[in-house]
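Input: a single structure, listed below in structure tokens.
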Amino acid sequence: MTKMTAKVVRTGHLFAFLLILMSMLTGLVTSGSSVVTAAANIRPTYQTDANGTYPTNSWQVTGQQNVINQRGGDQVSGWDNNTKWNGDATDTTNSYLKFGDPNNPDYQIRKYAKETNTPGLYDVYLNVKGNTQQNVKPVDIVLVVDMSGSMESNSRGTNRADAVRTGVKNFLTSIQNAGLGDYVNVGLIGFSSPGYIGGNSGYISVELGKLGKAGNADQQKAINNALSPKFQGGTYTQIGLRQGSAMLNADTSGNKKMMILLTDGVPTFSDKVKNSEWINGTLYGTNFGSSRDEPGNTARLRWPYTDNSGNRIYDTWPATLGEAKIAKDSGNEVHALGIQLADDGYYMTKEKIRKNMQLITSSPDLYEDADSADAVEAYLKNQAKDIIKKFNTVADGTITDPIGTQFQYANNQATVTSVGKQTVPASELPSAAIQDGQLTVNHMNLGRDQEVQIHYQERINTESNNFVPDKWYQMNGETTLTPNGDDPSNKVDFGIPSAKAPGTKLTINKVWNMLPNDNKIPDSIDFTVNRGNTTDNNAWTQATGSLSKTQNWTGTFDKLSHNNSNVYLPKFNNHGQDFTYNLSEDNVAGFSSSINQVLNNFTITNNELGLAVQKFDSGGNILTGSQFTLVKDTDNWQATDSSFTPESINGNDNPIPIKPGYYELKESTAPVGYSLDASTIKFQVTENGQWLDQQGTPIRNNTLPSSDGFYVNNQNGNDILTYAKHDNIKPFTLTVNKIDKVTNQSVKGAEFQLTNSDTNQTIQPDESGDTATFTFNNLQPGNYVLSETKAPTDYAPLSSGINFSIDNTGKVTIPDGYDSNSELTAGNSNNTISLTVPDTPTSGQLPATGGPGITIILVTGLIIMITTAAGIIFISRRRWEV
């Protein structure tokens, strides 16, 4: 059509044309094709046992023990014998699963994992190699091109002719470069009005109307040259369809036959219709005359006519549609591309024209619009790509690769790289995306020597509570390749790698440090392990275990209990960092604990808590003989705990064991010479072995206090809460007895006073008047002088005072020569000192009868008599002996 105005085209339909051509090409592969199906799948197998799940036929990366991969092989030879290689990602020879002829596989796949320098982080690689299908039939394609003048440049700068020229040239080159030049036969029919292109016939043909191989240089040159002249003239679509069908029908090989009509408008030329028929409301010409209808720049005839069938012919469409029907009825698949369609003046709308163009094609979906010259060029380029893809063994292939249940993606990034001898252009690489726990690869098209490698990273999830160390876990779910998007039922399986991660063990020993004469320990104890360096908020951080007497208080643990389930002890976390394991013991009543850790070896020492009392005198000397009573109360000393039997504690004796609770301590027996303290001392022992005073303040003092109070006294590792009590000696009562030095009889009439040498205080006796006994009360330790201020009548007074002392321990020191006695008393009465003070009678005075003087005379006389008698006896004996 010439002089067309405002032609509108839509790009989206160009791609649909691509799909049309793809669908036509589904018949390219014969029934004898070597493209394998699932039935010919060499399917990996896996073994599940106590060690986990892993490939039955496996290989490992040299030097790596924590990942295992599926070996390569094929359906004919079976599994290869390669059990180790270095896992270099650039290696494109090892461990492939081959499908089809082992010597020339249709496609090859490989999946393997390799641990990185970060423990538990793995590189995962999937490789897919393509090939060219074998035993295929060629396809015959005729391009029927509108070469009318309206295809050339116009005032709007659109040059559809150049777009067609470039598109066809690239179409042929692409097929040749893909190695498919011998499998695609191409012909060209260019049409215009009579007298322009190709002479009076109104069309041109290439190589005498024959198809030629797309890879043949002469054929390519001939087609390109045929399109090189300037497009001009009108639009004789009918003749293009007729000649295109004739070119396809001339080949009787049985190849798939396809005609693509490329035109920018309505037919402005057609043969006159002699006969016609109505089909579904549309008039189709069935027989044509030798003369033509030439309405000019429109399809509308100036002078409509009635054909032999009695049908009225108003435009060129019945002849054009009838010719297309004849072509389709002969077995040719007709496609059409409408380039910038526009209204046919006031006669026919663009939408009506589009419907007629659809009637030209074998089915409405085989028609598309093009909205620009560039779109025409791009369309033809895509046709070539799709033809090539249909010859590839991997055509619009997909991979599905779900993550394993014990693994997680390191990130959501997956890279696709061309690694084959024949590079896959970046624009044609498949897409790869990780989403919702699955890697999906789409739009994979691979021919001979083309290979892509998909890479991503995943981590083993050691922080899940059901993880078991040193157990093989499959790194992925079922991973499949669908090599041909047109046959989704045909899938082949990649081998699934398995990985594992090491665990650790904790060795725990229990030592009981008991108080003397006590062996009451529990049958078992619980302990808590705290795990650090977790990265998952749901990962366990605390787990428990136990030790018992029957284990001799020692054990090695590779699992513990968490929420009533077993959890294991992996070595590292999800980021490859070592976990830290620390131990804390659940409180054992009446014990404090200390834990010594060397790496993962722990020693728990339970030190029994004890209570002791120490009694000191005011000088800090230990006092014996005291006794205290321990009473247990309910919370906060509200009442006496009737379930507790009060215990007696001897001062300065071995400590007694004590359990958590509220207690009262009271002195029940004081040392002899000391007063009983009736005050009550309150304290608390907490569940974790802490000591608190009555106000709830921790008792941390660990040195003996100088005044009454508690301190923590560590004895052989045992914390002993010790109450130190400092007591003063009770006061003394001094009793002075006055006697006659000669007769030892009591003598009345003397007077005494006592002076404290330290304070110069004078103390008077309690007695006064005529008495021989004097009492001085409440004497405290110190130095004293007892002075006789008045002697009895006829007696000489003491020439000097009697110095004596009382020390802080109650020891009384009195000068020699005096009859004295001191005693420390029990109870609340004073300690006692008794002192006898003799007086000498005055010299020369005869004593009164009955008085003490006569006694002295009698005694002296008796002594003289005894001495004299002894001398006589001695003399007599000597004489006899002579």
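So the values come out like this:
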item: Separation of the Lys659 and Asn530 label points, Cα + 7 Å toward Cβ, nm; result: 2.8 nm
item: Of Leu380, Met357, Gly322, farthest towards positive along the dipole that unit charges on Lys, Arg, Asp, Glu beta carbons give segment 321-387; result: Gly322
item: Nearest-ten-degree value, helix 350-360 long axis tilted from longest Cα axis of the chain; result: 80 degrees
item: Distance (nanometres) between label positions extended 7 Å along Cα→Cβ at Asn104 and Asn688; result: 8.0 nm
item: Loop chymotrypsin sites (Phe, Trp or Tyr not before Pro), segment 788-844, which have at most 15 other Cβ atoms in a 10 Å radius of their Cβ (DSSP); result: Tyr818
item: Range of Cα positions in segment 626-726 per principal axis (Å), largest first; result: 39, 31, 24
item: Modelled label reach - Asn778, point 7 Å along Cα→Cβ, segment 707-736 residues with backbone N closer than 13 Å; result: 731-733
item: Cα lying deepest toward the dipole's positive end in the chain, options Leu506, Thr440, Tyr347, charges on Cβ; result: Tyr347
item: Entries of Lys666/Lys811; Lys230/Lys272; Lys385/Lys421 with Cα pairs more than 23 Å apart; result: Lys666/Lys811; Lys230/Lys272
item: Additional length obtainable on full extension of the chain from Ser290 to Ala796, 0.36 nm per residue less Cα span; result: 163.2 nm
item: Helix-derived mean residue ellipticity, 222 nm - over the chain, DSSP H n ≥ 4, -39500 (n - 2.57), to 500; result: -5000 deg cm²/dmol
item: HN-Hα J in Hz across segment 802-816 - Karplus 6.51, -1.76, 1.60, θ = phi - 60°, x for Gly and Pro; result: 9, 8, 9, 9, 10, 8, 5, 8, x, 7, 10, 10, 10, x, 4
item: Dipole axis of the chain (+1 Lys, Arg; -1 Asp, Glu on Cβ), positive-most option in Asn728, Gly827, Ser648; result: Ser648
item: Long-range amide H partners of Ile189 with built H, under 5 Å; result: Leu143, Val144, Val145
item: Estimated vicinal HN-Hα couplings, Hz - segment 542-549 in sequence order (Karplus 6.51, -1.76, 1.60; Gly, Pro = x); result: 9, 9, 10, x, 8, 10, 9, 4
item: Simple Cβ-charge dipole of the chain, Lys/Arg +1 and Asp/Glu -1, about Cα centre, in debye nearest 20; result: 3920 debye
item: Under 19 Å from the Asn828 label point (7 Å along Cα→beta-carbon), backbone N, segment 649-671; result: 666-671
item: Considering only the chain, percent of DSSP beta bridges that pair antiparallel, nearest 5; result: 75 percent
item: Relative contact order of the chain, defined on C-alpha pairs under 8 angstrom at six or more residues apart (%); result: 9 percent
item: The chain: projected area of the alpha-carbon convex hull, averaged over directions, in nm²; result: 79.2 nm²
item: Separation of the Asp88 and Thr415 label points, Cα + 7 Å toward Cβ, nm; result: 1.8 nm
item: Long-range amide H partners of Gly404 with built H, under 5 Å; result: Asn476, Gly477
item: Of all DSSP beta bridges in segment 732-841, antiparallel share, percent nearest 5; result: 75 percent
item: Loop chymotrypsin sites (Phe, Trp or Tyr not before Pro), segment 618-670, which have at most 16 other Cβ atoms in a 10 Å radius of their Cβ (DSSP); result: Phe644
item: Theoretical FRET efficiency, 1/(1+(r/R0)^6), r = Cβ-Cβ of Tyr314 and Asn135, R0 56 Å, to 0.05; result: 0.60
item: Calculated diffusion of segment 732-841, Stokes-Einstein form, Kirkwood radius summed over Cα pairs, 4 °C and 1.567 mPa s, µm²/s; result: 91 µm²/s
item: Sites Ser787 and Gln695, calculated FRET efficiency, Cβ-Cβ separation with R0 56 Å, nearest 0.05; result: 0.60
item: Full-stretch length increase - Lys549, Thr680 - with 0.36 nm per residue and alpha-carbon distance subtracted; result: 43.2 nm
item: Unit charges on C-beta of K, R, D, E only; dipole of segment 373-420, Debye; result: 120 debye
item: Principal-axis tilt of helix 160-177 within the chain, Cα atoms, nearest 10 degrees; result: 70 degrees
item: Stretch gain in nm, segment Asn563-Asn803, where the contour uses 0.36 nm per residue and the Cα spacing is subtracted; result: 78.3 nm
item: Point-charge dipole on Cβ atoms (K/R +1, D/E -1) for segment 732-841, about Cα centre, debye to 20; result: 60 debye
item: Karplus-derived 3J(HN,Hα), 6.51/-1.76/1.60, for each residue of segment 310-325, Hz, glycine and proline x; result: x, 9, 7, 9, 9, 8, 7, 5, x, 5, 5, 5, x, 5, 5, 5
item: Degrees separating the helix 852-881 axis from the principal Cα axis of the chain, which is the longest one; result: 80 degrees
item: For Tyr46, distant residues with modelled amide H under 5 Å away; result: Thr56
item: Near-label residues of segment 92-117 by backbone N, under 18 Å of a point 7 Å along Cα→Cβ of Ser77; result: 92-111
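Computed from the coordinates by the stated procedures, all read-outs in this text should not be read as laboratory data. Computed from a prediction, not measured in an experiment: that's the story for all the values here. Reconstructed Cβ throughout: ideal geometry from the backbone, glycine too, with neighbour counts over all protein chains shown.
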